[in-house]
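Each remark here refers to the structure printed beneath this line.
The values are calculated or read from the model by the stated rules, or taken from the named source; none is laboratory data. As the structure is a computational prediction, the values presented were derived from the model and not from experiment. Positions of Cβ are generated from backbone atoms using ideal geometry, with glycine treated the same way; all protein chains shown enter the neighbour counts. Accessible surface areas use protein heavy atoms only, side chains included; no ligands, DNA or RNA. Shrake-Rupley method; radii C 1.70, N 1.55, O 1.52, S 1.80 Å.
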Amino acid sequence: MSKALERREKQRGALIEAAERMIAAKGLAGLKTRDLASEIGIANGGVYNLVADVDELILRVGSRTLARLDAALSNAESAGDPSPREALVRIAIAYCDFAAENLELWRSLFEHRMEADKELPDWAVSDQMALFRHIYMPLSALFPRRSPEELSVTARSLFSAVHGMVALGLEQKLVAVPLPALRNEIAVLVRAAVEGLVAREKIGSS
């Protein structure tokens, strides 16, 4: 790699890290390219020599956030009772804890909207979809007769339920729920959902 390319890659890395810190501190609304350029010592327009646009910058930060979330969920999977139901409970609680500990970065994953005529790049879609394996794998053990498509729908539905509880529970408004209570309620929800799905599966196969 030439010195020029090496310098560019270092600047690009510094830009993404600076954007991550800015979003963590101020949320997406606080992300200012002029301030980022000043922080890493480049010209105001130099940001766009390192990333295509602000969308790419936010997605690159999101990719780093998703990688850390992936690691947290992987740790939760192997941290206790190996039964699929309890693994799903731990994964859901780990998701809640990660969101609470990385609130603005986590929010930015869902608040960011691409322009109407732009599509998510393949690498960003891949980063997002990879996390569903944490839910899909325990569900496939619980429901071996279901097709991959059916398991995918169930995984997304269970995620949506947990995500909704986390999103509302962590709101800094009247609907906020203390974190210990939120963790307990999420565990209750996941266990009840799995028990209901198992019961329905038994009825359907009888």
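I need the per residue convex hull volume for the chain, using only the alpha carbons, in cubic angstrom as a whole number.
159
Determine the per residue accessible area of region 48-110 with all protein chains present and a 1.4 angstrom probe, expressed in square angstrom.
40
When the accessible area of region 59-150 is computed with all protein chains present and a 1.4 Å probe, what percentage of it is carbon and sulfur?
C and S atoms contribute 53 percent here.
Can you quote the Å³ per residue value for the convex hull of the Cα atoms in region 31-86, rounded to an integer?
Taking the convex hull of the Cα positions in region 31-86, it is 105 Å³ per residue.
Starting from the Kirkwood Rh over alpha-carbon pairs, what translational D in µm² s⁻¹ does region 1-104 have by Stokes-Einstein at 37 °C and 0.692 mPa s?
Rounded, D is 211 µm²/s.
Go through region 1-41 and name the trypsin sites (Lys or Arg not before Pro) that are in a DSSP coil and have 16 or fewer other Cβ atoms within 10 Å of their Cβ.
Passing sites in region 1-41 are 32.
Cα axis of helix 133-142 to longest principal axis of the chain: angle in degrees, 0 to 90, nearest 10?
10
Where does helix 179-205 land angle-wise versus the long Cα axis of the chain, in degrees 0 to 90, nearest 10?
50
Counting each DSSP H run of 4 or more residues in the chain as -39500 (n - 2.57), what helix-only mean residue ellipticity at 222 nm follows after dividing by all residues, to the nearest 500 deg cm²/dmol?
Rounded to the nearest 500, it is -25000 deg cm²/dmol.
If the cut-off is a Cα-Cα distance under 30 Å, which lysines reach residue 10, setting aside same-chain residues fewer than 8 apart in sequence?
26, 32, 118
Debye calculation, C-alpha points only, no solvent: report log10 I(q)/I(0) for region 7-64 at q = 0.12, 0.14, 0.25 Å⁻¹, in the same order as the q values.
Rounded to two decimals, the profile gives -0.22, -0.30, -1.02.
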